[in-house]
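Colleague: Take this structure, written in C-alpha coordinates, and hold onto it; I'll ask about it next.
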Amino acid sequence: MGSSQRSHLESRLELVMEHLLYIAFLKRDPERDGQGWERTVKEDRRQIPRLLKKNPSLRHKWDEIIAETYEGARSRVIDKSEEMWEQKKLKQRLVEEDLPQSCPWDIHELLKQGLNFTREQLEERMQRMERPGFRM
(Lines give C-alpha, C1' and ligand atoms only; values in the text may rest on other atoms or scores of the structure.)
Protein backbone atom coordinates (compact mmCIF):
# COMPACT_ATOMS: atom_id res chain seq x y z
CA MET A 1 0.00 0.00 0.00
CA GLY A 2 1.26 3.47 -0.87
CA SER A 3 2.11 5.94 1.82
CA SER A 4 -0.30 8.48 0.33
CA GLN A 5 -3.20 6.06 0.83
CA ARG A 6 -2.20 5.43 4.42
CA SER A 7 -1.83 9.15 4.96
CA HIS A 8 -5.32 9.73 3.54
CA LEU A 9 -6.76 7.12 5.88
CA GLU A 10 -4.93 8.60 8.86
CA SER A 11 -6.21 12.07 8.00
CA ARG A 12 -9.84 10.91 7.88
CA LEU A 13 -9.50 8.85 11.03
CA GLU A 14 -7.89 11.73 12.89
CA LEU A 15 -10.76 14.02 11.89
CA VAL A 16 -13.29 11.50 13.19
CA MET A 17 -11.49 11.32 16.55
CA GLU A 18 -10.99 15.07 16.74
CA HIS A 19 -14.62 15.83 16.02
CA LEU A 20 -15.89 13.13 18.39
CA LEU A 21 -13.83 14.82 21.10
CA TYR A 22 -15.24 18.21 20.10
CA ILE A 23 -18.77 16.85 20.32
CA ALA A 24 -18.14 15.34 23.74
CA PHE A 25 -16.08 18.10 25.33
CA LEU A 26 -16.75 21.39 23.51
CA LYS A 27 -20.38 21.21 22.38
CA ARG A 28 -22.45 23.71 24.36
CA ASP A 29 -25.90 24.06 22.81
CA PRO A 30 -27.35 20.68 21.78
CA GLU A 31 -29.77 22.35 19.38
CA ARG A 32 -27.11 24.23 17.39
CA ASP A 33 -23.52 23.49 18.22
CA GLY A 34 -21.70 20.55 16.82
CA GLN A 35 -23.75 20.08 13.66
CA GLY A 36 -20.75 20.71 11.41
CA TRP A 37 -18.63 18.36 13.51
CA GLU A 38 -21.35 15.70 13.30
CA ARG A 39 -21.54 16.06 9.50
CA THR A 40 -17.78 15.65 9.21
CA VAL A 41 -17.85 12.53 11.39
CA LYS A 42 -20.69 11.08 9.34
CA GLU A 43 -18.93 11.65 6.01
CA ASP A 44 -15.55 10.36 7.18
CA ARG A 45 -17.22 7.30 8.70
CA ARG A 46 -18.57 6.61 5.21
CA GLN A 47 -15.20 7.06 3.53
CA ILE A 48 -12.96 5.08 5.87
CA PRO A 49 -14.48 1.65 5.08
CA ARG A 50 -14.07 2.42 1.36
CA LEU A 51 -10.39 3.15 1.90
CA LEU A 52 -10.02 -0.06 3.87
CA LYS A 53 -11.75 -2.07 1.19
CA LYS A 54 -9.26 -0.77 -1.38
CA ASN A 55 -6.34 -1.32 1.03
CA PRO A 56 -7.09 -4.36 3.20
CA SER A 57 -3.51 -4.59 4.46
CA LEU A 58 -4.22 -1.57 6.67
CA ARG A 59 -6.55 -3.59 8.88
CA HIS A 60 -3.50 -5.29 10.38
CA LYS A 61 -2.07 -1.91 11.42
CA TRP A 62 -5.18 -0.49 13.13
CA ASP A 63 -3.71 -0.31 16.63
CA GLU A 64 -0.67 1.57 15.40
CA ILE A 65 -2.69 3.93 13.19
CA ILE A 66 -5.24 4.68 15.91
CA ALA A 67 -2.57 5.43 18.51
CA GLU A 68 -0.69 7.77 16.17
CA THR A 69 -3.71 9.63 14.89
CA TYR A 70 -5.31 10.01 18.32
CA GLU A 71 -2.34 12.05 19.54
CA GLY A 72 -2.87 14.58 16.75
CA ALA A 73 -6.61 14.75 17.34
CA ARG A 74 -6.13 15.25 21.06
CA SER A 75 -3.63 18.04 20.52
CA ARG A 76 -5.93 19.89 18.12
CA VAL A 77 -8.84 19.67 20.56
CA ILE A 78 -6.70 21.28 23.28
CA ASP A 79 -5.76 24.06 20.82
CA LYS A 80 -9.41 24.58 19.80
CA SER A 81 -10.42 24.75 23.46
CA GLU A 82 -7.85 27.47 24.05
CA GLU A 83 -9.12 29.41 21.05
CA MET A 84 -12.76 29.11 22.14
CA TRP A 85 -11.86 30.12 25.69
CA GLU A 86 -10.04 33.23 24.44
CA GLN A 87 -13.12 34.12 22.37
CA LYS A 88 -15.24 33.68 25.52
CA LYS A 89 -17.15 30.80 23.91
CA LEU A 90 -16.13 28.50 26.78
CA LYS A 91 -16.17 29.22 30.49
CA GLN A 92 -13.20 26.94 31.07
CA ARG A 93 -10.57 25.68 28.65
CA LEU A 94 -9.59 22.05 28.48
CA VAL A 95 -6.24 20.86 29.73
CA GLU A 96 -4.52 17.64 28.75
CA GLU A 97 -5.75 15.85 31.86
CA ASP A 98 -9.38 16.45 30.79
CA LEU A 99 -9.03 14.23 27.73
CA PRO A 100 -8.32 10.50 27.59
CA GLN A 101 -4.58 9.83 27.33
CA SER A 102 -5.17 7.08 24.78
CA CYS A 103 -7.94 6.57 22.25
CA PRO A 104 -11.15 5.73 24.14
CA TRP A 105 -12.84 4.10 21.13
CA ASP A 106 -12.29 0.82 19.39
CA ILE A 107 -12.41 0.66 15.61
CA HIS A 108 -16.05 -0.44 15.53
CA GLU A 109 -17.08 2.58 17.61
CA LEU A 110 -15.03 4.93 15.46
CA LEU A 111 -16.82 3.72 12.33
CA LYS A 112 -20.36 3.26 13.64
CA GLN A 113 -22.69 5.88 12.17
CA GLY A 114 -24.59 7.93 14.75
CA LEU A 115 -22.51 6.81 17.73
CA ASN A 116 -21.29 9.76 19.75
CA PHE A 117 -20.29 9.74 23.40
CA THR A 118 -21.01 12.50 25.90
CA ARG A 119 -18.30 13.91 28.10
CA GLU A 120 -19.72 11.98 31.04
CA GLN A 121 -19.63 8.70 29.12
CA LEU A 122 -16.01 9.26 28.09
CA GLU A 123 -15.01 10.25 31.62
CA GLU A 124 -16.63 7.07 32.95
CA ARG A 125 -14.80 5.05 30.32
CA MET A 126 -11.51 6.77 31.24
CA GLN A 127 -12.00 5.74 34.86
CA ARG A 128 -12.66 2.13 33.84
CA MET A 129 -9.59 2.13 31.57
CA GLU A 130 -7.40 3.15 34.51
CA ARG A 131 -8.46 0.09 36.50
CA PRO A 132 -6.01 -2.81 36.54
CA GLY A 133 -6.94 -5.55 34.12
CA PHE A 134 -9.21 -3.40 31.94
CA ARG A 135 -8.97 -4.09 28.21
CA MET A 136 -10.83 -2.46 25.32
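Colleague: Can you tell me which residue within region 127-136, out of those that are part of a helix (DSSP H, G or I) and either exposed (fewer than 13 other Cβ atoms within 10 Å of the Cβ) or β-branched (Val, Ile, Thr) (or both), is modelled with the lowest pLDDT? Walk me through how you get there before you give the answer.
Modeller: Keep residues of region 127-136 that are part of a helix (DSSP H, G or I), which gives 127-130.
Filter once more, keeping what is either exposed (fewer than 13 other Cβ atoms within 10 Å of the Cβ) or β-branched (Val, Ile, Thr) (or both): 127-128, 130.
Numbers: 127: 84, 128: 82, 130: 72.
This residue is 130.
Colleague: For residue 72, which of the numbered conditions (1) modelled with pLDDT of 95 or more; (2) surrounded by 19 or more Cβ atoms within 10 Å (Cβ to Cβ) fails to hold?
Modeller: Going through (1) modelled with pLDDT of 95 or more; (2) surrounded by 19 or more Cβ atoms within 10 Å (Cβ to Cβ) one by one, residue 72 breaks only (2).
Colleague: To continue, here is another question. Those residues that are in contact with a helix residue (DSSP H, G or I) (Cβ under 6 Å, 6 or more places away or on another chain), under 15 Å from residue 15 (Cβ atoms) and not hydrophobic (A, V, I, L, M, F, W, C), I need them from region 41-57; list them, please.
Modeller: 44, 45, 47
Colleague: How do the pairs read when you match residues in region 102-126 that are in a loop (DSSP other than H, G, I, E, B) with residues anywhere that are at pLDDT 90 or above and of a type in the set (D, E, K, R), using Cβ under 6 Å and keeping only pairs 6 or more apart or on different chains?
Modeller: Going by the 6 Å Cβ cut-off, the qualifying pairs are 113/45; 115/109.
Colleague: Another question, then. Please work out which residue is surrounded by the fewest Cβ atoms within 10 Å (Cβ to Cβ), limiting yourself to region 86-97 and to residues that are within 14 Å of residue 27 (Cβ to Cβ) and of a type in the set (D, E, K, R). Give the steps one after another, and end with the answer.
Modeller: As a first pass, look at region 86-97 and keep what is within 14 Å of residue 27 (Cβ to Cβ): 89-91, 94.
Restricting the remaining residues to those that are of a type in the set (D, E, K, R) gives 89, 91.
On the way: 89: 12, 91: 7.
Filtering first and then ranking leaves 91.
Colleague: Determine which member of the set 10, 43 is surrounded by 16 or more Cβ atoms within 10 Å (Cβ to Cβ), modelled with pLDDT of 90 or more, in a helix (DSSP H, G or I) and out of contact with any Leu (no Cβ under 7 Å at 6 or more places or on another chain).
Modeller: Values: 43 fails: surrounded by 16 or more Cβ atoms within 10 Å (Cβ to Cβ).
Selected residue: 10, the only one of 10, 43 that is surrounded by 16 or more Cβ atoms within 10 Å (Cβ to Cβ), modelled with pLDDT of 90 or more, in a helix (DSSP H, G or I) and out of contact with any Leu (no Cβ under 7 Å at 6 or more places or on another chain).
The values are calculated or read from the model by the stated rules, or taken from the named source; none is laboratory data. Here the structure is a predicted model, which means the values were calculated and not measured. Virtual Cβ from ideal backbone geometry, glycine too; neighbours counted across all protein chains shown.
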